[in-house]
Amino acid sequence: MTQSTYALEVHDISKTYATVRAVDNLSFEVHKGEIFGLLGPNGAGKTTSIRMILDIIKPDAGQISVLGGPMTEATKSRIGYLPEERGLYEDMTLLGTLLFLGQLKDLTRQTARARAEAYLRELELWDARDLKIEALSRGMNQKAQFVAATMHEPDLIIVDEPFSGLDPVNARIIKNLLYRMRDRGAAIMMSTHQMHQVEEMCQRILLIDHGSRVLYGPLDEIRRQFASNAVEVDLRGKLGHVPGVERLVSRNGGYRLLLQDGVQPEQLLRTLVNMPEITVERFERVETSLDEIFVRVVGRKVANEEGTA
């Protein structure tokens, strides 16, 4: 029997609160050994979806398979969850909290202590081990939450805004830890509004709005789908009229060229290379950022709904 490559399978789940359809017939999968981005505007249904996956609430319809089957107590010990709302016990010490939570995830006290110490030293929190949680700074608390969610080396890790409150140095440390977990085969589902982190870290994404899937698949394919019809070039010589170019703008010592409909960048490159009065030194298609895609897709969807209301 072939072992599934999926750590998480969500099929046609829905959830309604009173008259509000929070999640509407949503389906997606998360592969083992990948970082998967769960995106959407506020109120899109991300938190409700995560709570259904974690069996905190039940879907009204649909099915969820976690690590090969339905949620059980044994399965819960193989999951790590970093919620957006932080909630460690404020009157406990940092080390005491981690030992307690590690043992709740079926670690022996000896193993929990060894892993807690290793993480705290790596995250430069060891000297704060005897401080109470309430005495930690926001950034220290965020790192402590991350350790609590992952020190049992889970197979599925769900992180909600994992870089909140972190400076660039500490964000990089957390990022490298996530990469390390991915490389050992863990599946990581990351929900964040920091699109640059998604662009750097995620292989595939799901964008939901009003509880429904609006974009889903490999990030590279989605970016190609929304590719800009513009290129940037650096060249020697003066650029005048170019066939196939609708508009030309000088930019940072080079040019940004907006192509006419139907003109492909490869055609333009051939045209430029064959122009004897110029020499092309750089030719690059302008990529559409995930921020732009997010606004374009969600904004267009909202506009269409308003137009048909």
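Name the one entry in Arg172, Arg129, Arg113 that is loosely packed, with under 15 Cβ neighbours inside 10 Å, in the same structural domain as Ile64 (by TED's automatic domain parsing) and of a type outside the set (S, T, N, Q).
Values: Arg129 fails: loosely packed, with under 15 Cβ neighbours inside 10 Å; Arg113 fails: loosely packed, with under 15 Cβ neighbours inside 10 Å.
The match here is Arg172.
Could you list, in sequence order, the residues of the range 23-54 that are over 24 Å from Leu290 (Cβ atoms), under 21 Å from the mean Cα position of the chain (by Cα) and either buried (at least 21 other Cβ atoms within 10 Å of the Cβ) or not basic (Lys, Arg) (or both)?
Result: Met52, Leu54.
Exactly one condition in (1) closer than 30 Å to Asp160 by Cα; (2) loosely packed, with under 15 Cβ neighbours inside 10 Å; (3) touching a helix residue (DSSP H, G or I) at 6+ places or on another chain (Cβ under 7 Å) is false for Ala227; which is it?
(3)
Just one of the numbered conditions (1) assigned to a strand (DSSP E or B); (2) among the β-branched types (Val, Ile, Thr); (3) farther than 25 Å from Val66 by Cβ is not true of Val159; which one?
Of everything listed in (1) assigned to a strand (DSSP E or B); (2) among the β-branched types (Val, Ile, Thr); (3) farther than 25 Å from Val66 by Cβ, Val159 misses just condition (3).
So is Leu99 aliphatic (A, V, I, L, M), in the same structural domain as Ala144 (by TED's automatic domain parsing) and part of a helix (DSSP H, G or I) or not? Walk me through how you get there before you give the answer.
Details: aliphatic (A, V, I, L, M): yes; in the same structural domain as Ala144 (by TED's automatic domain parsing): yes; part of a helix (DSSP H, G or I): yes.
It is true that Leu99 is aliphatic (A, V, I, L, M), in the same structural domain as Ala144 (by TED's automatic domain parsing) and part of a helix (DSSP H, G or I).
Check Leu107, Leu125, Leu136 and return the single one that is among the hydrophobic types (A, V, I, L, M, F, W, C) and modelled with pLDDT of 95 or more.
Values: Leu107 fails: modelled with pLDDT of 95 or more; Leu136 fails: modelled with pLDDT of 95 or more.
Checking each option against the conditions leaves just Leu125.
Are any of the residues in the range 132-152 more than 25 Å from Leu95 (Cβ to Cβ) and over 12 Å from the mean Cα position of the chain (by Cα)? Lay out the reasoning, then the answer.
Keep residues of the range 132-152 that are more than 25 Å from Leu95 (Cβ to Cβ), which gives none.
Among the residues of the range 132-152, not one is more than 25 Å from Leu95 (Cβ to Cβ) and over 12 Å from the mean Cα position of the chain (by Cα), which makes the answer no.
Restricting the range 108-144 to residues that are of a type in the set (D, E, K, R), in contact with a helix residue (DSSP H, G or I) (Cβ under 8 Å, 6 or more places away or on another chain) and in a loop (DSSP other than H, G, I, E, B), which is farthest from Pro162 (Cα to Cα)? Show your work before the answer.
Here is the first cut: in the range 108-144, the ones of a type in the set (D, E, K, R) are 109, 113, 115, 117, 121-122, 124, 127, 129-130, 132, 134, 138, 143.
Subsequent filtering for residues that are in contact with a helix residue (DSSP H, G or I) (Cβ under 8 Å, 6 or more places away or on another chain) retains 109, 113, 115, 117, 122, 129-130, 132, 143.
From what's left, in a loop (DSSP other than H, G, I, E, B): 129-130.
Numbers: Arg129: 21, Asp130: 24 Å.
Applying the filter and picking the extreme gives Asp130.
Quick check: anything in the range 189-197 assigned by TED's automatic domain parsing to the domain that holds Val159, among the hydrophobic types (A, V, I, L, M, F, W, C), at pLDDT below 95 and touching a Phe, Trp or Tyr at 6+ places or on another chain (Cβ under 7 Å)?
yes
Does the range 223-235 contain at least one residue that is over 32 Å from the mean Cα position of the chain (by Cα) and not assigned by TED's automatic domain parsing to the domain that holds Thr19?
Kept after step one, since they are over 32 Å from the mean Cα position of the chain (by Cα), are these residues of the range 223-235: 234-235.
Then drop every residue that is not not assigned by TED's automatic domain parsing to the domain that holds Thr19, which leaves 234-235.
Yes, the range 223-235 contains at least one residue that is over 32 Å from the mean Cα position of the chain (by Cα) and not assigned by TED's automatic domain parsing to the domain that holds Thr19.
The values are calculated or read from the model by the stated rules, or taken from the named source; none is laboratory data. Please read all numbers here as calculations on a predicted model, not as lab measurements. As a convention, Cβ positions derive from the backbone with ideal geometry for all residues, glycine included, and neighbour counts pool all protein chains shown.
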